[in-house]
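Every read-out reported here was derived from the displayed coordinates using simple, explicitly stated rules and does not represent laboratory data. The structure displayed is predicted, hence computed values, not measured ones. Here the Cβ positions follow ideal geometry from the backbone for every residue, glycine too, while neighbour counts run over all protein chains shown.
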Amino acid sequence: MSLQHYLVISAILFSLGIFAVLTRKNAISILMGIELILNSCNLNFAAFSRFVTPPENIDGQIIAIFGIVLAAAEAAVFLAIILAIYREFGSIRPDEVDTLKG
Amino acid sequence: MEFTLKTFIFYGFALITIASALAVVTVRNIVHAAFALMVTLFGVAGLYVFLQADFLAATQVIVYVGGILVLILFGVMMTSGRLEMRIHIERGQLLLGGGISLALLMLLLTVIANTPKWENLTDDGTAFEPTTKRIGELILNEKFLLPFEVASVLLLVALIGAALISRKEVRD
Amino acid sequence: MLLSLMIFVPLLGMIVVLLLPRESEELIKRVTLLFTLIPLLLAVVLFISYDRSTAGTQYFVSVPWIETFNINYHIGIDGLSVTLILLTALLGPICVLASWRNIEKGIKAYMALFLLLETGMLGFFAALDLFLFFVFFELTLLPMYFLIGVWGGPRREYAAIKFFLYTLFGSVLMLVAIIAVYLNSNVINGIAAGARTFDIPTLIERAATEGHALADRTFQIWVFLGFFIGFAVKVPIFPFHTWLPDAHVEAPTAISVILAGVLLKMGTYGLVRINMDMLPEGMAFFTKVTEETGLWGYSLALLGFINIVYGSFCALAQTDFKKLVAYSSIGHMGFVILGLAAGNEVGVTGAILQMFNHGVISAMLFLLVGVLYDRAHHREINGFGGLGNRMPIYTGITTLAFMASLGLPGLSGFIGEAFSLLGAYERFPTLAILSTIGIVVGAAYFLWTLQRVFLGTLNPKYEALPEINKREILTLVPLGILTIVLGIWPHFAIEMFSESVVELTTKIMGTLQANL
Amino acid sequence: MVIPLISIILLCPLAAFAIFALLGLAKRSFPRQDLLSTVAMLAALVCSFLLLREVVPNPEPHTVDWISLGKITFAMGFYLDSVTVIMLIVVTLVSSLVHIFSIGYMHGDPRYPRFFAYLSLFSFSMLFLVVSDNLLGIYIGWELVGLCSYLLIGFWFEKDSAANACKKAFLTTRVGDVGMFIGMMMLFAKFKTLSLYDGTENGIFTLVEGLSGTGDIIWLSIAGILIFCGAVGKSAQVPLHTWLPDAMEGPTPVSALIHAATMVAAGVYLTARMFPILTDTSSLVIAYIGGITALVAATIAIVRFDIKRVLAYSTVSQLGYMMLAIGAGSYVAGLFHLTTHAFFKALLFLGSGSVIHAFHAMHAHHDEEHADGEEHEHDDHSLVHEHGSEIPPDQDMRNMGGLRRKMPWTFGTMLVATLSISGVPFLFSGFWSKDAILGGVLGHAMVLHSPHYYVLFGIALLAAGITAFYMFRLIFMTFFGEPRNQEMHDMAHESPWVMVVPLLVLAFLSLPVVNTIWFNKDYVKPPPQHHIQAPQHAQVVPDTKTGDANFGMAFFWISEAQAAEEEGGKNTEKADDAYRIHKLAHNIAMVLSIVVAGLGILLSWLFYHRRRFSAESVATKFSPVYNLFWNKYYFDEFYDGVLVALTVWKSRLFAQFDGSIVDGTVNGVGTVTRQIFAAFIGFFDNRVVDGIVNRVAEVTWAAGGRIRRIQTGAIQTYLFVVLGGIVLIILIFRAL
């Protein structure tokens, strides 16, 4: 269980998250992808905190906690926006919401 | 590396995490995807435990599983009206997205593999100390007080903002 | 801590104001007033407790801010800054009172921006880190832009953009100079050693060290130019002055007061703090005529002279009351430049005194113009006449302000002008003598205005013009008292900075004699 | 005792003004501002008399540090010597009398309290000027009296003429003041101090002794002349005299106090104070300015009809005399004339005020009939036009005549003053002082063998004759003969006692009894002059103490410091020579002055009383000269037409330059940067390939049409591009 283990796991989670964001046709699925990305970041923070910084320094963990806070806030706002979009467009398919189309 | 029970469990968690994450991005039913996400989050929490981050793990479970996931399910229900909902994926997009993700993954793995600084940083088996107290001190007393306050304000703003955005428009 | 508190209380006030509901205008105004009175109180405390017997900075606070670039939150005050801080803090509540009735829309945003502006100004005068100095300098720009551009007169957008671009032009050059200073701040004898720094006292010390890159004359001259243009726009020095009349004419009364009272002083304060203190070699190049410098040696004094005469003559030709006062500001700031160019004790003291006094007097003048404008809704000087009979108190106060501004002895305007000239005569006799033209022309335009507005027969249009009210008198009385007190006993202000001035001028005169 | 007394003298009037100003801010006023001011002034008067005993034995400066900057200190303080105390008494005395007179004269004015407040402020400023021991303090008082003069001339500011006059007064004197300020700058740059005497070695008067060498003397001459410029402005000397006649727009008591007795004399006082730094050259300049002023003003006065203007020009002329005296080294004579003139000229003005008041009452009566309470004495329905400047009917001597029976007290007192100013021998103070001046100038000329001073003596003598002529013209036209305007005459009446009493006091003061102080040669001594080539200053004044009022027995003294400087018996011989010459000069001057005064009075009698000659026919015969006098030597025309016009033109030019060129450049740079590109393309458009722009536009249009499809509006597309881009960039970098 070295640092690289965790980094690989986190890299995989990150790529999967990106994949979800890029390909899914449902805004909520995209949100899930974003959550995956955030999780991978937090995991990285915790891992680096464990292995790289001295043991008594747990700043990385605290940053991860802040990351979780951020995720919560983001999720709330995201869903609120989705609801608003749903009311406006009757759909939450991202490719149907294209008011800015040139 | 010895193959002890600990490593076994670690690999188990890693596998669960990755597998369920894969499920999140692949299953067509959005509700299933949400439950898969729940498993992923549990998995990550387990990994936190291995990293001796007990408070973080607990937070992960409580906030993510207890909070965010429920929120997502609510979102699903309020936008589709029914629990089951199919997710359409176009092939071209799928290929392109997969390509880019894969490329990113390869990139990251290359970086991980080629950074000598990160090699041989194994779990040296230092004694586990509960971090909750220390985190409490750091957040409320020491250098993270200001970020903590800012975070609380941010949450408040998000709360009010979300309520404002999602409420039904009141026409004059 | 006291100092930091003073600087950031208005910012706190801004947050509070922003949280208040838009509709409760009275509450907003009162809260703003409160949050401008607190810095005033603190400034008075500072003023009283300031140790007048030393030249060094006091009340300094230094906290690391951006450690990568060795930027510190370093503030402190010496006699010069404490005087200007007092002026700023005094004008704060006065301006809030002056805005009480005549800001019609968006009072909340107005007050919030005003508080932000005050923080910027207070911080600027206390900053001892070059980077912080620049940040505060720019921090005043933004609220000013909106205050003019949103609440101004008919051509407000034009004026605001002009003001903004002009100042930005200057500050870009200043930024270049700051970066140059920073990059050279650790070079001794061509070798970089130690950490770079933005710290002003350290930089001043290093600039005085033999062999240090900052002490190099050519370097100082170029950096001097960069800073100078940045500050010259603010002062404003001819030919960078044309934003001033436009900005003044369009800005609402209180903003004109701040503009003339404090913002112009930021330019001259910068000249003293940076150009003179940190770059004495550059200063020497522009203020001493030798074979090497040639006519450049006249440049600073010449600019002062041009400002005086040019500003005065332009003022004489104006028929817009506010524009006249604006041009008179240009003329009066010329005395500051002239006094600084002299570089001797009397000249620099005169210049600093003139900075403070001009802040007080021009504030009065703009407030008075505002009073008239609120009643008559125009500012055309020829459109009045005979108001002396109708508004005796207003006339009395205006006469006081005019007399102070035209340099009547016994009122504060005189001492600054007289000392600037006395000091300048020692170094630049011809220019000092020619500058006295400004005194005569100054008297001419003020008296002519006095005659056209207040004397003669009453214009029947204004038979029902109401007399100045209590709130307006309240804004004017403190300034009037200061004008009289400082005219009779200027030592009250001079003792604050005389030690600093002695130290500064000793350095300048030493440089003048040594190197050129 | 000195400091408390001085404090009372200064603070009493200031307090009277401060009370008015502070209450005014609260829209109130003290119920009896007139009494407050008058009492304050009387208190100052009493203290001044007390000072007379205190100061003389030990004239010491009393200073405090006002401003200190490192090594340089500006001190503020008082220097009290005999001259100062005499000035204090003159100022407080005249001021008190004018206060009392004004209670009657200004009665019923809508701004009555304000008038007294201004008078108090003026008195304070004037007293401050007098007691200051340094140039900065003098300058402060100097400008403050200028301000008060401005406020009081413009007291009836509804009149455009008053509004113009006050502005003119302030600006004209300011021109002189700037000269004075430059002089101060020169002195300061050299000596690093502005104190005159400060009890140590560092006063200007001590430091000036150390100067030597041609360069320093030239420098000192220039500095002296520049300081004198201030006096030229304030004392209305040619060429800055034009404001004083216009200043008569102010209320008459103001004219008496400020523009006759005290403020305008401040210039003389200043010049006398600066006596030690005067050199030969600067003395000569001062003497010439004074002499020319005396003559020019006297000639203009001959042809005026406005009673106040006659007196105004007379004042200018007399001030010229004083300057001439100081320029000729007759320090004592100059100051002596200052004091005598203060009393008799104040009397003349107050007397004329009394006359005006007599007519004023009639106007007030008219006003009541018209039920027009707002209007004051100068209503403008029957203006007599005098080349553009208007004479109010109640000041026009052509409306007067025969008033001596109607106003006996006014007539009597004014006659005393007229006899005094005309130099009628022995009984009147003016004779003694004027004679002292004439004798001093002639003596100076004879000692130096200087043609300049002979010329100046001639001028002074001529002016003395003219003075007698026009003063009696005034008396004859006003008080003798038949009433010219019966209606106005019927209304005239003697003034109330508050106005008559001051006249009587002043008439008493116009007799030589009170001037004995000047005849005491130990009391007032001229300070030494270090850079003057004349061997000695013989100060010749009559001595009444020994009972020897004979003008032939002139006395003189040599300043002790001067004597100490000179060595050996040879110089004593020289001093004896000077003494003899001066004595002789005094005898000659006295005879001549009596002759010209007599001639002047005789001619005046023939012209205006007996009507032997017609003034009109003389005027026609010498019309070019007459026109020159009538138009006041065209000074005003020159100033308005050339200097003022030039200044205004220049200011317009600057403003236009500012608006069009400087600001234009700024705006231009903005516009140019915006348009230069377009202009550039336009150039190609016309000259090189016409239509290329259109094609560019078409291409852009078409390209835009295609490219805009990229903008799908769907977030995911953008994300694709962004992430793909990142991957690409990293790959490229790795490949490199």
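In order along segment C:413-426, phi translates into HN-Hα couplings of x, 5, 4, x, 4, 4, 5, 4, 5, 4, x, 5, 4, 5 Hz, rounded to whole numbers, per the Karplus curve 6.51 cos²θ - 1.76 cosθ + 1.60 with θ = phi - 60° and x for Gly and Pro. One quarter of the surface of the convex hull around the alpha-carbon atoms of chain B equals 15.6 nm², the direction-averaged projected area.
Values of log10 I(q)/I(0) for chain C across q = 0.10, 0.12 Å⁻¹ run -0.73, -1.06, by the Debye formula with one identical scatterer at each alpha carbon and no solvent. Cross-link reach is defined here as a Cα-Cα straight distance under 16 Å, omitting same-chain residues fewer than 8 places apart; for D:Lys159 the lysines meeting it are D:Lys167, D:Lys168. All distinct Cα pairs of chain A go into the 1/r average, and the inverse of that average, the Kirkwood radius, is 15.2 Å. For C:Ile71, the amide hydrogen comes within under 5 Å of the amide hydrogens of C:Trp65, C:Ile66, counting only partners 5 or more places away or on other chains and with H modelled in the peptide plane. Note that segment C:344-357 has calculated 3J(HN,Hα) couplings of 9, 4, 5, x, 5, 4, x, 4, 5, 4, 5, 4, 5, 5 Hz, one per residue in order, obtained from phi through the Karplus relation 6.51 cos²θ - 1.76 cosθ + 1.60 (θ = phi - 60°); glycine and proline are x.
Shown for B:Ile9, D:Ile277: other C-beta atoms within 10 Å of each C-beta, ranked fewest to most, produce the order B:Ile9, D:Ile277.
In this rough spin-label picture, where each label sits 7 Å from Cα along the Cβ direction, the B:Ile62-D:Ser617 distance is 12.7 nm.
Each Cα pair under 8 Å and six or more residues apart adds its sequence gap; the mean of these over the residue count of chain A is a relative contact order of 26 percent. Is the shape of segment C:432-516 rounded, prolate or oblate, going by the alpha carbon gyration tensor and its root eigenvalues a ≥ b ≥ c, with a/c under 1.5 for rounded and a/b larger than b/c for prolate? In terms of gyration-tensor shape, oblate.
Per the Debye calculation on segment B:129-172 with a single equal scatterer at every Cα and no solvent contribution, log₁₀ I(q)/I(0) for q = 0.14, 0.15, 0.17, 0.22 Å⁻¹ amounts to -0.51, -0.55, -0.61, -0.76.
PRE reach from D:Phe305 (point 7 Å along Cα→Cβ): which of segment D:452-489 fall under 13 Å by backbone N? Counting backbone N atoms under 13 Å from the label point, the list is D:484-485. A DSSP coil position with no more than 16 other Cβ atoms inside 10 Å describes the following trypsin sites (Lys or Arg not before Pro) in segment D:175-242: D:Lys192. Ranked for footprinting exposure by Cβ neighbours inside 10 Å, fewest first, D:Trp630, C:Trp100, C:Trp243, D:Trp243 give D:Trp630, C:Trp100, C:Trp243, D:Trp243. Counting pairwise Cα distances across segment D:191-330, what percent come out greater than 23 angstrom? So the portion of pairs separated by more than 23 Å is 39 percent. Between segment A:1-27 and segment C:403-441, what is the C-alpha centre distance in whole Å? Cα centroid to Cα centroid, the span is 75 Å. Name the shape class, rounded, prolate or oblate, that the alpha-carbon gyration tensor gives for segment B:1-100, where a ≥ b ≥ c are the square roots of its eigenvalues, rounded holds for a/c under 1.5, and otherwise prolate holds if a/b is larger than b/c and oblate otherwise. Taking the square roots of the gyration eigenvalues as a ≥ b ≥ c, segment B:1-100 is oblate. Peptide D:645-653 has a mean of 4 when you count, residue by residue, the C-beta atoms of other protein chains within 10 Å of its C-beta. Counting every alpha-carbon pair across segment C:21-110, the share separated by more than 16 Å comes to 65%.
Between D:Tyr718 and B:Asn114, what FRET efficiency comes out of the Förster formula 1/(1 + (r/R0)^6) with R0 = 35 Å and r the beta carbon distance, rounded to 0.05? So, using R0 = 35 Å, E works out to roughly 0.70.
In segment C:281-516, a dipole from Cβ-located charges (positive for Lys and Arg, negative for Asp and Glu) runs towards its positive end, and of C:Met391, C:Leu431, C:Gln318 it is C:Met391 whose Cα lies farthest in that direction.
Scalar couplings 3J(HN,Hα) for segment D:411-421, obtained by applying the Karplus form with A = 6.51, B = -1.76, C = 1.60 to θ = phi - 60°, are 4, x, 5, 5, 5, 4, 4, 5, 4, 5, 5 Hz; x denotes Gly and Pro. Per-residue Cβ neighbour counts within 10 Å put D:Cys148, D:Cys166, C:Cys314 in the sequence D:Cys148, D:Cys166, C:Cys314, beginning with the fewest.
A straight Cα-to-Cα reach below 26 Å connects B:Lys143 with the lysines B:Lys133, residues fewer than 8 places away in its own chain not being considered. Listed by chain and number, the lysines placed with their C-alpha closer than 20 angstrom to that of D:Lys621 are D:Lys632; residues fewer than eight positions away on the same chain are left out.
Taking GluC sites (Glu not before Pro) as exposed when DSSP calls them loop (any state but H, G, I, E, B) and at most 13 other Cβ atoms lie within 10 Å, what is the longest stretch of chain A free of them, the sites themselves excluded? Looking at chain A, A:1-55 is the longest stretch - no exposed GluC sites (Glu not before Pro) with at most 13 other Cβ atoms within 10 Å. Altogether, the Stokes-Einstein calculation at 10 °C and 1.306 mPa s, with the Kirkwood radius of segment C:279-432 over Cα pairs as Rh, returns a diffusion coefficient of 97 µm²/s.
Here is the size of the protein assembly as shown from its Cα atoms: Rg then Dmax, 43.2, 149 Å. Inter-chain Cβ neighbour count for C:488-494, averaged per residue, equals 3 (cutoff 10 Å, partner chain atoms only). Legend: calculated FRET efficiency, C:Ser299 to C:Thr68, from the Cβ-Cβ distance at R0 = 45 Å, rounded to 0.05, equals 0.70. Considering only GluC sites (Glu not before Pro) in DSSP loops that have at most 12 other Cβ atoms within 10 Å, the longest stretch of chain C without any of them is C:293-462. Taking Lys and Arg as +1 and Asp and Glu as -1, the other residues whose beta-carbon sits under 11 Å from that of B:Tyr48 total 0.
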